[in-house]
Amino acid sequence: MVSRLLNLIFLLALIVCTVFLIRTVKEYRSPAVLPSVDSNSSVMLEVPRVEVSASESKKFAADKFEMGFRLELRGKDKETVFKLLGDRRTVIFDNVKSLDIPRSDVEQNSVDVRKEWSYRSGKRELVGYVATQEFSITVGNKADAAALVQALSSEPDVEISRTAALLKDAETVQSAMIKEASKKAMRKAKDYAEGVGANLGRVLQVNGDGGSVYYNPAHRRMNGLFLAKGVMAESAPAPDESAIADSVEVSASAHIVVELK
């Protein structure tokens, strides 16, 4: 009877030791929880983690070109300047029409007329009036952009304020670059984890600068004569397409914090 009781006690002790050993092994394999102190001197539990950053940048061929033009005229009479500006405005629309650019792709601001003064011997005298109007014209190919810039650059009253290469679907390109930067960051985090013999766990935090688009404006005044589409002239040079930027750079960066197991 005593011998059976001792055997039972020994068996129970063996079971307790086995359970304790299993729990100890599991705790050793699970992520260690490290204490940390916050700004309020409170003790918090923090899991092992890895923090990495990655960025991605690519150039894409532009498929939209936006040009800005300004028409500016001066004169002593306000009404005359205003009327002259209206007459000269047809120069821009004639060139647009010759290149088969839809009128809907031309945006124009309201005409601005201001006084021009001179100061002599401490007195202000009215010299005349300055009339200006801004135009923004969008085309879908580089050849038309170069031809339009060449034609309007030869007009004495027309100033070229900007030419920019753009993307029609910039949001889709930005989204792709953000995803690529995030994937690159995860690959880098995996390399760090494997380097210390650990595995990746949950993604604890993601920060990023999503899909910055760097447009390449070109500011160049070209000499040339107006040519209607399909008409050639020996004295007029071909449009200089090299004066128009043709690529757009899109970049994104990602900073991630991932748990280590």
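The values are calculated or read from the model by the stated rules, or taken from the named source; none is laboratory data. None of these values were measured; they are calculated from a predicted model. All Cβ positions, glycine included, derive from the backbone under ideal geometry; neighbour counts span all protein chains shown.
Those residues that are under 37 Å from the mean Cα position of the chain (by Cα) and within 19 Å of Glu155 (Cα to Cα), I need them from the range 87-100; list them, please. Before the answer, list the steps.
Kept after step one, since they are under 37 Å from the mean Cα position of the chain (by Cα), are these residues of the range 87-100: 88-100.
Listed by number, the residues that qualify are Arg88, Arg89, Thr90, Val91, Ile92, Phe93, Asp94, Asn95, Val96, Lys97, Ser98, Leu99.
Which of (1) within 23 Å of Ile244 (Cβ to Cβ); (2) in a helix (DSSP H, G or I) does Lys179 not meet, given it meets every other one?
Failed condition: (1).
Among the residues of the range 101-120 satisfying the criterion of being among the basic types (Lys, Arg) and over 30 Å from the mean Cα position of the chain (by Cα), which is nearest to Gln133 (Cα to Cα)?
Narrowing the range 101-120 to residues among the basic types (Lys, Arg): 103, 114-115, 120.
With the extra rule that they be over 30 Å from the mean Cα position of the chain (by Cα), the set shrinks to 114-115, 120.
Values: Arg114: 12, Lys115: 15, Arg120: 29 Å.
Looking at residues that are among the basic types (Lys, Arg) and over 30 Å from the mean Cα position of the chain (by Cα), I get Arg114.
Please go through the range 63-112 and give me each residue that is of a type in the set (Lys, Arg) and assigned to a strand (DSSP E or B), ordered by number.
Correct list: Lys64, Arg70, Arg74.
Can you pull out the residues in the range 98-141 that are of a type in the set (D, E, K, R) and within 19 Å of Glu66 (Cβ to Cβ)?
Residues of the range 98-141 that are of a type in the set (D, E, K, R), as a first pass: 100, 103, 105, 107, 112, 114-116, 120, 123-125, 134.
Those that are of a type in the set (D, E, K, R) and within 19 Å of Glu66 (Cβ to Cβ): Asp100, Arg103, Asp105, Glu107, Glu134.
What do you reckon, is Arg187 modelled with pLDDT of 90 or more, over 21 Å from the mean Cα position of the chain (by Cα), surrounded by fewer than 16 Cβ atoms within 10 Å (Cβ to Cβ) and closer than 30 Å to Leu85 by Cβ?
Here the answer is no, as Arg187 does not meet what is asked.
Mind listing just one residue for me: the one in the range 154-172 that is surrounded by fewer than 18 Cβ atoms within 10 Å (Cβ to Cβ) and not acidic (Asp, Glu) and, of those, farthest from Pro239 (Cα to Cα)?
Filtering first and then ranking leaves Thr172.
Under 8 Å by Cβ, and 6 or more places apart or on different chains, what pairs join a residue from the range 55-78 that is closer than 20 Å to Gln174 by Cα with one that is β-branched (Val, Ile, Thr) and assigned to a loop (DSSP other than H, G, I, E, B)?
Matching pairs, first to second residue: Phe65/Ile244.
Report every pair of residues separated by at least 6 positions or lying on different chains whose Cβ atoms are under 6 Å apart, first residue within the range 95-122 and farther than 26 Å from Lys83 by Cβ, second in a loop (DSSP other than H, G, I, E, B).
From residues that are farther than 26 Å from Lys83 by Cβ, the pairs are Leu99/Lys229.
Keeping to the range 169-200, report how many residues are out of contact with any Asp or Glu (no Cβ under 9 Å at 6 or more places or on another chain), among the hydrophobic types (A, V, I, L, M, F, W, C) and over 30 Å from Asp63 (Cβ atoms).
Summing the residues that are out of contact with any Asp or Glu (no Cβ under 9 Å at 6 or more places or on another chain), among the hydrophobic types (A, V, I, L, M, F, W, C) and over 30 Å from Asp63 (Cβ atoms) in the range 169-200 gives 4.
Can you name every residue in the range 142-151 that is closer than 14 Å to Glu66 by Cα, more than 25 Å from the chain's Cα centre (by Cα) and either among the small types (Gly, Ala, Ser) or not in a helix (DSSP H, G or I) (or both)?
Ala147
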